[in-house]
Amino acid sequence: MSKWKLAVIGLGHMGKHMIHRLLPQFTDKIELVALCDNDEASLRREAEAAGGNAPALYTDYRLLLEEIPLDLVYIAVPPSLHYDVARIAFEKGIHVFCEKPLANSLAEAKRLLELAEQARVNHVIHFSLPLDPAVQKLQSLVQERAIGSIQRMELYLEFPQWPRAWQQNAWITSRHEGGYLLEVGIHWINMIQQVFGPITHVQSEVEFPADSKQCESTVKATMRLHHGVDIQVSGTDHREGEERVSLVVHGDEGTIALENWRHLFKGGKGEELQPVPAEAEESKLPILKQILRILDGEPGQVYDFYDGYNAQVVLEALRKPGEGFTDLRPLLQSK
């Protein structure tokens with residue numbers, strides 16, 4: 001059986017994770033045929049470490065997309081480059097797997113969604129949180145009304161420092177394409193949209209450092225769901241102690257907390273929260289597994305550029321506050 005031909009563009013943290021951790025799990029189905037990064041020394045070093053058949057190496061993604069026959073491209077460059085890479089891939093009829101956020105502005109995200117539909121290829125955004133076993137369990141508890149009717153929620157995006165120690169690069173702290181809202185918050189926006197439904201209104205207050213090039217420091221916001229439940233957002237880059245990235249859901253009969261991405265707790269009203277097991281018989285992750293199923297003509301669960309665009313609508317409302325609540329309903333897209 002022939003293998004799907006993949007190129008990885010961008011060898012930061014996620015690009016390296018793809019070639020060293022994910023691709024080795026699927027060597028029977030996919031072949032890494034090309035790598036691209038603007039750092040030639042890093043490019044050669046990572047290609048050698050990846051082993052296997054030597055991929056073609058490029059420092060210019062435009063040349064790669066022009067010269068190498070591909071089935072799928074993984075876009076792991078900074079957000080400001082997502083639009084151009086994906087645009088060229090769609091013109092070539094290549095399936096696209098893109099890191100989040102979808103683009104670097106809402107206008108770019110909308111245009112990418114249009115190009116994706118015109119290209120009639122698979123378009124996937126790298127949202128994995130909704131498929132995590134802990135989130136799947138959270139969703140089932142909500143559907144079973146395990147804590148009764150949901151009254152309110154709290155989302156914590158709180159860090160002792162930004163960027164985190166393992167996350168050093170040239171753009172992660174920039175106001176243009178960095179910050180924890182963009183890097184981390186976007187995952188939770190999408191997860192909330194998938195589990196609880198559309199976020200239709202946003203009110204946000206953002207404090208920035210004196211340096212106009214630096215990303216947000218403090219965020220206080222409210223995201224309102226379509227049925228009127230409010231989610232209070234607390235963001236900071238100077239939390240005391242360890243980081244907290246968590247969602248707490250309060251119902252009229254109890255509380256569910258998803259702490260630090262995948263630790264689930266539940267308690268009745270007035271009771272102490274207790275851990276909830278969330279093991280899955282077969283994990284739906286990684287997303288690459290789902291993409292390969294779809295390419296093979298089998299059922300698979302992914303989040304496409306519609307999901308990426310709708311998450312970006314909320315992200316931009318949080319990052320660029322208006323007066324009072326912003327009504328997002330005219331901007332949201334239906335599949």
Practice task
Please note which strands (runs of 3 or more DSSP E) are completely contained in region 50-124 and include at least 3 residues that are more than 21 Å from residue 292 (Cβ to Cβ) and at pLDDT 95 or above.
Solution key: 56-58
Practice task
Could you tell me whether region 264-271 includes any residue that is open to solvent by less than 70 Å² (accessible area, probe 1.4 Å), in contact (Cβ under 8 Å) with a residue 40 or more places away in the chain and hydrophobic (A, V, I, L, M, F, W, C)?
Solution key: yes
Handout entry: Selection count, region 65-96, where residues are of a type in the set (Phe, Trp, Tyr) and open to solvent by 10 Å² or more (accessible area, probe 1.4 Å)
Key = 2
Exercise for the section: From 235, 270, grab the single residue that is in contact with a helix residue (DSSP H, G or I) (Cβ under 7 Å, 6 or more places away or on another chain) and among the small types (Gly, Ala, Ser). Expected result: 235
Fill in the blank from the handout: Those residues of region 176-190 that are part of a helix (DSSP H, G or I) and over 23 Å from residue 160 (Cβ atoms) come to a total of 1
Problem - Test for residue 203: is it outside any strand (DSSP E or B), closer than 25 Å to residue 309 by Cβ and not aliphatic (A, V, I, L, M) - result: no
Completion exercise
Checked region 30-52 for anything closer than 17 Å to residue 71 by Cα and surrounded by fewer than 19 Cβ atoms within 10 Å (Cβ to Cβ); matches are 31
Practice task
Would you please list the contacts, defined by Cβ atoms under 9 Å and residues six or more apart or on different chains, that run from a residue in region 170-190 that is closer than 14 Å to residue 212 by Cβ to a residue that is part of a helix (DSSP H, G or I)?
Solution key: 175/319; 176/79; 176/80; 178/79; 179/185; 179/319
Handout entry: From 312, 301, residue being within 22 Å of residue 74 (Cα to Cα), exposed (fewer than 15 other Cβ atoms within 10 Å of the Cβ), in contact (Cβ under 8 Å) with a residue 40 or more places away in the chain and polar (S, T, N, Q)
Key = 301
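The values are calculated or read from the model by the stated rules, or taken from the named source; none is laboratory data. In this text the structure is predicted, and so the values were computed from the model without any measurement. Quick reminder, even Gly has a Cβ in these numbers, built from the backbone with ideal geometry, and neighbours come from all protein chains shown. Areas reflect the complete protein model, heavy atoms only, side chains present, ligands, DNA and RNA absent. Shrake-Rupley method; radii C 1.70, N 1.55, O 1.52, S 1.80 Å.
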